[in-house]
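Below is one structure; the comments refer to it alone.
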Amino acid sequence: IHLDADCLDDAIMPAVDFRVPGGLSWDELSAALRIILATGKAVGLEVAIYNPRLDVDGSAGRGLADALAVALGPAAPA
């Protein structure tokens, strides 16, 4: 799975070079990933485009990590 962080809405993901108004919410991202992962066909997951230099308070990175943890469920590291 290749996940570009710029698919997320501009209001929640400012830490990308190309911001998208009207992109996905955290819940929508987690739901989409859960559906994809439920197929059992995913062999890996990479996150691209997230730029920590643009994440002034770290909230975008925490949101991204939280959304991934929700999608991965019990398989997510604690």
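See the values below:
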| read-out | value |
| --- | --- |
| Test result for Pro52, modelled with pLDDT of 95 or more and exposed (fewer than 13 other Cβ atoms within 10 Å of the Cβ) | yes |
| Region 49-64: number of residues that are touching a helix residue (DSSP H, G or I) at 6+ places or on another chain (Cβ under 7 Å) and over 15 Å from Trp26 (Cβ atoms) | 2 |
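Okay, residues lined up against (1) surrounded by 11 or more Cβ atoms within 10 Å (Cβ to Cβ); (2) in a helix (DSSP H, G or I); (3) at pLDDT below 95:
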residue	(1), (2), (3)
Asp6	yes, yes, no
Met13	yes, no, no
Phe18	no, no, yes
Leu37	yes, yes, yes
Gly40	no, no, yes
Leu72	yes, yes, yes
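Table: residues versus (1) in contact with a strand residue (DSSP E or B) (Cβ under 8 Å, 6 or more places away or on another chain); (2) in contact (Cβ under 8 Å) with a residue 60 or more places away in the chain; (3) among the small types (Gly, Ala, Ser); (4) within 15 Å of Leu8 (Cβ to Cβ).
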{"position": "Ser25", "(1), (2), (3), (4)": "yes, no, yes, yes"}
{"position": "Ile35", "(1), (2), (3), (4)": "no, no, no, no"}
{"position": "Ile49", "(1), (2), (3), (4)": "yes, no, no, yes"}
{"position": "Arg53", "(1), (2), (3), (4)": "no, no, no, no"}
{"position": "Ala65", "(1), (2), (3), (4)": "no, no, yes, yes"}
{"position": "Ala69", "(1), (2), (3), (4)": "no, no, yes, no"}
{"position": "Leu72", "(1), (2), (3), (4)": "no, no, no, no"}
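The values are calculated or read from the model by the stated rules, or taken from the named source; none is laboratory data. Note that the structure is a prediction, hence the values are computed from the model and not measured. Because the Cβ atoms are built from the backbone with ideal geometry, glycine has one as well, and the counts that use them run over all protein chains shown.
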